[in-house]
Amino acid sequence: MYVLVIGGGKVGYYLAWTLVEEGYEVLVIERNPATASRISERLGAIVMQGDGAESTILDAAGASRADVVIASTGDDEDNLIVCQVAKRKFNVGRVIARVNNPKNELLFKRLGIDATVSQTNVLLHLIEQRLNIDGLTHLMTLRHAEIEIVEARVSAQSPLVGRTLADIRLPPECVFSAITRGEHVVVPTGQTMIEAGDEIIAVTRTESEGALRKLLMGV
């Protein structure tokens, strides 16, 4: 597998180093000559000096045969341009972008970037899972849609307690996927009755999270 890493800063350097250790064919494209020289000294001849957002540089780097292009610079605009050029001009099968400003993540996804990595959002999700700030633990965000997989415990104050799913009106586009009850996992049906202490795994649209939280927490 041939991987192009655009941006040889700390993120790009350690990513390239790890990929090389795993046996992948890697080429780093770095704009700054001094940084490119340091990478070459440490990792060998796997670096090209140039602007990875330029199609001529990507062409010279063999983007047309790349399996993956990873844009890891500290500039979101550059990362977006790199991924779009790689996707549209060189038909790269998978493009991945580092997103420095989490507000740009949805835009990247809407513009066809296969995967995005936001360090800010990763840290936020870790904090949420650890502290359970809003009563919902975010397990996963599905790509190309504002859909979340969340987990929450049903409180004794929840209006759902003692009612079957068939009798419950859930928020729009919200589905209970599984219920953990003690040591047992229940695949819910319309006849499943909700009990206090149930741990619910639900699929919901982002805008319905607040309504779902009120139902499960009873607040």
Identity of the residue in region 67-90, without any contact (Cβ under 8 Å) to a residue 60 or more places away in the chain and among the aliphatic types (A, V, I, L, M), that ends up nearest to R110 (Cα to Cα): L80
Qualifying positions in region 1-38 - free of Cβ contacts under 8 Å to residues at least 40 places away in the same chain, closer than 17 Å to R98 by Cα and of a type in the set (G, A, S): G8, A16
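A quick yes/no check of all residues on (1) closer than 28 Å to A97 by Cα; (2) modelled with pLDDT under 75; (3) of a type in the set (S, T, N, Q); (4) under 15 Å from the mean Cα position of the chain (by Cα):
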| residue | (1), (2), (3), (4) |
| --- | --- |
| G135 | no, yes, no, no |
| L139 | yes, yes, no, yes |
| A156 | no, no, no, no |
| P171 | no, no, no, no |
| S177 | no, no, yes, no |
| P188 | no, no, no, no |
State whether the residues of region 15-36 include one that is under 30 Å from E148 (Cβ atoms), out of contact with any Leu (no Cβ under 9 Å at 6 or more places or on another chain), of a type outside the set (A, V, I, L, M, F, W, C) and not assigned by TED's automatic domain parsing to the domain that holds E146. yes
Just for strands (runs of 3 or more DSSP E) wholly inside region 142-209: which have at least 1 residues that are touching an Asp or Glu at 6+ places or on another chain (Cβ under 8 Å), under 30 Å from I113 (Cα atoms) and not aliphatic (A, V, I, L, M)? 147-153, 199-205
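Which ones in region 19-50 are closer than 19 Å to V95 by Cβ and under 26 Å from the mean Cα position of the chain (by Cα)?
Correct list: L19, Y24, E25, V26, L27, V28, I29, E30.
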Whether any residue in region 52-66 is within 23 Å of N104 (Cβ to Cβ), buried (at least 21 other Cβ atoms within 10 Å of the Cβ) and of a type in the set (S, T, Y) is what I want to check. no
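The values are calculated or read from the model by the stated rules, or taken from the named source; none is laboratory data. From a predicted model like this one, the values you see are computed outputs, not experimental measurements. Positions of Cβ are backbone-derived with ideal geometry, glycine not excepted, and every protein chain shown enters the neighbour counts.
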